[in-house]
Amino acid sequence: MKWLSVAACLAMGTHALSIPSRPTEERTAKNCPTDLSGPFEFPHLIIPVDSSAPTVARGTSYFGEVSSTVSSIFNFDIPPQGPNLCSLVFLFPNQEQRPPWTYTFEGDGKVGVSRLQGPASNGTTFANAPKVAAKLGTPKLAAGTSNVISTFDCPFGQRIAFKMSNAGSTNLRYFQDYGNPPIGLYITRCAK
């Protein structure tokens, strides 16, 4: 089953690699897919952090979560070669396309997404989470849509991390799955 592959990848260990120090160069990428029809990367580690329990390490999860106190950090491992343009996308099918247990969603859908200065680990907490390197915006998630959050030069051979937090009244918990249709945060890749 595909979710077993995702589970195995999420359970992999982590090690830190640097993020490029220059600012992320944004550009429109009309030829880059906003779905998983081309090359893509899925998160190898998802870490929920909770401001109401700032020193508690909840460890790895198969679920992305956003609420008034919980944010999720996503680590992506970018291979050393391949297409050189990356797009961070959030894919959000509706309840008719996904089994009911795969997600719960309430509120206005507003989330804040940031690129972090380094990756998370199983010991990451709200208090010791990597600092924000760049704020990427506040997309409004809605079931049945896909959102392109940011497009940037792929940092070949590096582990990078993004944080998704509440920016309104959003309560979202979903099972990260690249099955048909996929749900969650991904990096799609294409050539410039």
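The values are calculated or read from the model by the stated rules, or taken from the named source; none is laboratory data. What you see is a predicted model, and the numbers here were worked out from it, not measured in a lab. Cβ atoms come from the backbone with ideal geometry, glycine included; neighbour counts cover every protein chain shown.
What do you reckon, is residue 88 of a type in the set (A, V, I, L, M, F, W, C), within 17 Å of residue 163 (Cβ to Cβ) and either surrounded by 16 or more Cβ atoms within 10 Å (Cβ to Cβ) or touching a His at 6+ places or on another chain (Cβ under 6 Å) (or both)?
Considered against the rule, which asks whether it is of a type in the set (A, V, I, L, M, F, W, C), within 17 Å of residue 163 (Cβ to Cβ) and either surrounded by 16 or more Cβ atoms within 10 Å (Cβ to Cβ) or touching a His at 6+ places or on another chain (Cβ under 6 Å) (or both), residue 88 comes out as yes.
Given the structure, is residue 8 over 20 Å from residue 189 (Cβ atoms), among the small types (Gly, Ala, Ser), at pLDDT below 95 and part of a loop (DSSP other than H, G, I, E, B)?
No; evaluated as a whole, the condition is false for this residue.
Inside the stretch 136-172, can you point out the residues that are farther than 12 Å from residue 115 by Cβ and crowded, with 18+ Cβ neighbours inside 10 Å?
Across the stretch 136-172, the qualifying residues are 139, 141, 146, 147, 151, 154, 159, 165, 166, 170, 172.
Evaluate the following for residue 107: is it under 16 Å from the mean Cα position of the chain (by Cα), modelled with pLDDT of 95 or more and surrounded by 16 or more Cβ atoms within 10 Å (Cβ to Cβ)?
It is false that residue 107 is under 16 Å from the mean Cα position of the chain (by Cα), modelled with pLDDT of 95 or more and surrounded by 16 or more Cβ atoms within 10 Å (Cβ to Cβ).
One residue is enough: does the stretch 139-149 have a residue meeting the conditions closer than 21 Å to residue 191 by Cα and among the small types (Gly, Ala, Ser)?
yes
Among the residues of the stretch 167-184, is there at least one that is part of a loop (DSSP other than H, G, I, E, B), under 15 Å from residue 72 (Cβ atoms) and under 12 Å from the mean Cα position of the chain (by Cα)?
The answer is yes; a qualifying residue exists.
Among residues belonging to the stretch 95-149 that are among the polar types (S, T, N, Q) and assigned to a strand (DSSP E or B), point out the one that is nearest to residue 77 (Cα to Cα).
114
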